[in-house]
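Below is one structure, written out as structure tokens, with a few remarks after it.
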Amino acid sequence: MMSLLRAAEAPCCSSAPVFREISADDEEQQPAEIESLCMSCYQSGVTRLLLTKVPFFKEIIVSSFACDSCCSSNTEIQSAGRIQDQGVRYSLSVRNKRDVNREVVKTDYATTQIPEVDFEIPACTQKGALTTIEGILERTIVGLEQEQPLRQAVDAQVAGKIDEFITKLQSLKDGETPFTFIIDDPSGNSFVENPFAPHKDEALVVTQYRRSREQDSLLGIESSDGEKSEEKQEDLKDEVLQFQTNCPECNVPAETNMKLVQIPHFKEVVIMATNCDACGHRTNEVKSGGAIEPLGTRITLHITDPSDLTRDLLKSETCSVNIPELEFELGMGALGGKFTTLEGILKDIRDLVVDKNPFTLGDSATSDRKAKLQEFGKKIDQILEGQMKAHLVLDDAAGNSYLQNVYAPEEDPEMKIEKYERSFEQNEDLGLNDMRTEGYEAQTAESC
């Protein structure tokens, strides 16, 4: 693969992005041509590779093969995006034809299920696609109908059962029968459209989860359970570590800096920052350096003065953000971990929902949706300019989020901090229900 990337990069300078936006005006963006063996006639053919970026999939590799000897051809699209830190599971209650028309991003590693009809498309059995729920059902129906004449001749009973199943799928596709549509993607790169954005979709449940070892193996990730000694941890507190990575925006090789930081009146966190020299993109991410707290934490701040926007804010990857006045809720996992200011988190929300929302771009965007999101962006700007008072709620089931108290050590009259018992579902999302922390010694002795 590295040789192919070099071939694609050859016409450009070394600092140019590897994956470029598709543009007719970009004369430098040319596919790389590679001589390849035709698997039909075993003569030499040509494979063309184009490394580019498109909405929804971000970075992709478009490949096209053609053989002049036997006229065989083949096209394929492969996702070149990053594997996310956590897997994602979307569960949508489909109730009408409008829900069937929702756009879906489905990667190679995603499993698709409809429990009501025992329907499942296992992971790695289909190529990634940008489609709709209707498109997934239609593709399945067409695939089942292709071999029906042969089945009728060989086993009429089996063919009859498949006809019944096709009828059920057709009823689901037409929106006549309610059903549950589930996409489970351990890579975290699948997506189901929320047509009510930026507001919460009551019919859609999004769950972030930790991958199992089997899922890491499926993705080609090697998990490590080794623990650092206390001496090494002490050394890390005074040292900035650097490791090689790729820019999340243009995919050019870059360096990420990592450091352990002690937040006053709170706890220790790990801050990672990446700066790309090629495109100028900067990003930072925060990981909790401590354990999950016994109780969840809900922090509510009444934003009444522009000075509130300068407060330091730590949002962990398990924290959700809620702005009641805007009827807005940002689920846990979105935006990842952030160590920023209140102003910074509001700008990140505006960028995520309005400026960088892929479903407001291109031909699929509707005027109503654009107007609704633009109105949401104006309200965020009013809060940033001090023209609108609002409440910001940080709800972290793991208790690892923080908002600066500018009156410390006195209580903040505009901020309320609540501790609460986690629900079973929240413990399940954090992987705590199946975690055993006591009795290992006795179990080890019995096994020996």
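The values are calculated or read from the model by the stated rules, or taken from the named source; none is laboratory data. Quick caveat, the model's predicted, so the values are computed rather than measured. FYI the Cβ positions are ideal-geometry reconstructions off the backbone, even for glycines, and counts take in every protein chain you see. Note: areas computed on protein heavy atoms with side chains; ligands, DNA, RNA excluded. Shrake-Rupley method; radii C 1.70, N 1.55, O 1.52, S 1.80 Å.
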- Note on the structure: Flagged pairs (Cβ under 8 angstrom, 6 or more apart or on separate chains; first in segment 403-432, assigned to a helix (DSSP H, G or I); second open to solvent by 60 Å² or more (accessible area, probe 1.4 Å) and modelled with pLDDT under 90) are none
- Quick check: anything in segment 14-22 at pLDDT below 70, touching a Phe, Trp or Tyr at 6+ places or on another chain (Cβ under 8 Å) and not in a loop (DSSP other than H, G, I, E, B)? no
- Query: Residues that are at pLDDT 80 or above and touching a Lys or Arg at 6+ places or on another chain (Cβ under 8 Å): which strands (runs of 3 or more DSSP E) entirely in segment 181-289 hold 3 or more of them?
  - Reply: 204-209, 268-275
- Query: If you go through segment 90-125 one residue at a time, how many are among the polar types (S, T, N, Q) and either surrounded by fewer than 17 Cβ atoms within 10 Å (Cβ to Cβ) or more than 22 Å from the chain's Cα centre (by Cα) (or both)?
  - Reply: 4
- With the first residue restricted to segment 73-97 and required to be within 15 Å of N246 (Cβ to Cβ), and the second required to be assigned to a loop (DSSP other than H, G, I, E, B) and hydroxyl-bearing (S, T, Y), Cβ contacts under 6 Å at 6 or more apart or on different chains are S79/T107; I83/S187
- Query: Exactly one of (1) touching a helix residue (DSSP H, G or I) at 6+ places or on another chain (Cβ under 9 Å); (2) open to solvent by 20 Å² or more (accessible area, probe 1.4 Å); (3) touching a residue at least 40 places away in the same chain (Cβ under 8 Å) is unmet by T310. Its number?
  - Reply: (3)
- Residues T304, T366: which one is open to solvent by 30 Å² or more (accessible area, probe 1.4 Å) and modelled with pLDDT under 80? T366
- Query: So which pairs qualify, if the first residue must be in segment 147-171 and assigned to a helix (DSSP H, G or I), the second must be among the acidic types (D, E), the Cβ gap must be under 7 Å, and the two must be at least 6 apart or on different chains?
  - Reply: I166/E145
